[in-house]
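Have a look at the structure below, then the notes.
The values are calculated or read from the model by the stated rules, or taken from the named source; none is laboratory data. Source: prediction; values computed, not measured. Counting neighbours? That spans all protein chains shown, and the Cβs are built from the backbone with ideal geometry, glycine included.
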């Protein structure tokens, strides 16, 4: 009986809005979503008449216009609509992530998709057990921001500051949301972070991502130097 009550608390049916592969939303983070396609606008309007909750699932491929259930990742995020702006043929939603969920089954209701999903209970983690890893991620992120500002001066840098928190899960999701919004390189890495229910594993994945991003910056700099030298050589100038 108790298990059935717990199941009812963690399970629910929600309207689904698909996200492109490179657009990630994490729990406890606030974002703005622009719904322009007919299906997504209808989904958002339906959610506004009910509990104002929607399920966000990332598409596996960018070029899928109207995704079927198999085109969406199983793990996503339940969000709550906190505000919205209605325009002629679109709807802008301000949403806040609530929790990671595992999709159980899909169903079609009218013009839009909905799904029954279960909130994933994340494994408890004592902050002191991952403090060294949090420190490493913080240092790597600060270095990444600094290098971005130096090497990509014409682009917007990942400017938000790291939140001051003792919650390693919230810390990890905050960092992930900042980096995901800045880079479009291998978006599947952030899906893996979303699917990492263990906080330590999530932090380790973030550290790997930051190391990869630093390697990418180094590669870009080498290419730019090589191209610059070739241009000077072609112009007959010293290099």
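Any residue at all in the range 49-69 that's touching a strand residue (DSSP E or B) at 6+ places or on another chain (Cβ under 6 Å) and loosely packed, with under 12 Cβ neighbours inside 10 Å? No.
Any residue that is modelled with pLDDT under 90 and assigned to a loop (DSSP other than H, G, I, E, B) - is there at least one of those in the range 90-110? Scanning the range 90-110 turns up at least one residue that is modelled with pLDDT under 90 and assigned to a loop (DSSP other than H, G, I, E, B). List pairs: first in the range 137-156 and in the same structural domain as residue 223 (by TED's automatic domain parsing) and closer than 24 Å to residue 168 by Cβ, second in a loop (DSSP other than H, G, I, E, B) and modelled with pLDDT of 75 or more, Cβ under 8 Å, 6+ apart or cross-chain? Pairs that qualify, where the first residue is in the same structural domain as residue 223 (by TED's automatic domain parsing) and closer than 24 Å to residue 168 by Cβ and the partner is in a loop (DSSP other than H, G, I, E, B) and modelled with pLDDT of 75 or more, are 138/162; 141/162; 142/162. A count restricted to the range 22-42 and to residues that are part of a loop (DSSP other than H, G, I, E, B), surrounded by fewer than 20 Cβ atoms within 10 Å (Cβ to Cβ) and either modelled with pLDDT under 90 or out of contact with any helix residue (DSSP H, G or I) (no Cβ under 6 Å at 6 or more places or on another chain) (or both) stands at 4. Within the range 125-141, is there a residue that is more than 27 Å from residue 20 (Cα to Cα), outside any helix (DSSP H, G or I) and at pLDDT below 90? Looking through the range 125-141, at least one residue is more than 27 Å from residue 20 (Cα to Cα), outside any helix (DSSP H, G or I) and at pLDDT below 90. Scanning the range 183-201 for residues being in contact with a helix residue (DSSP H, G or I) (Cβ under 7 Å, 6 or more places away or on another chain), within 23 Å of residue 61 (Cα to Cα) and assigned to a helix (DSSP H, G or I) gives a total of 4.
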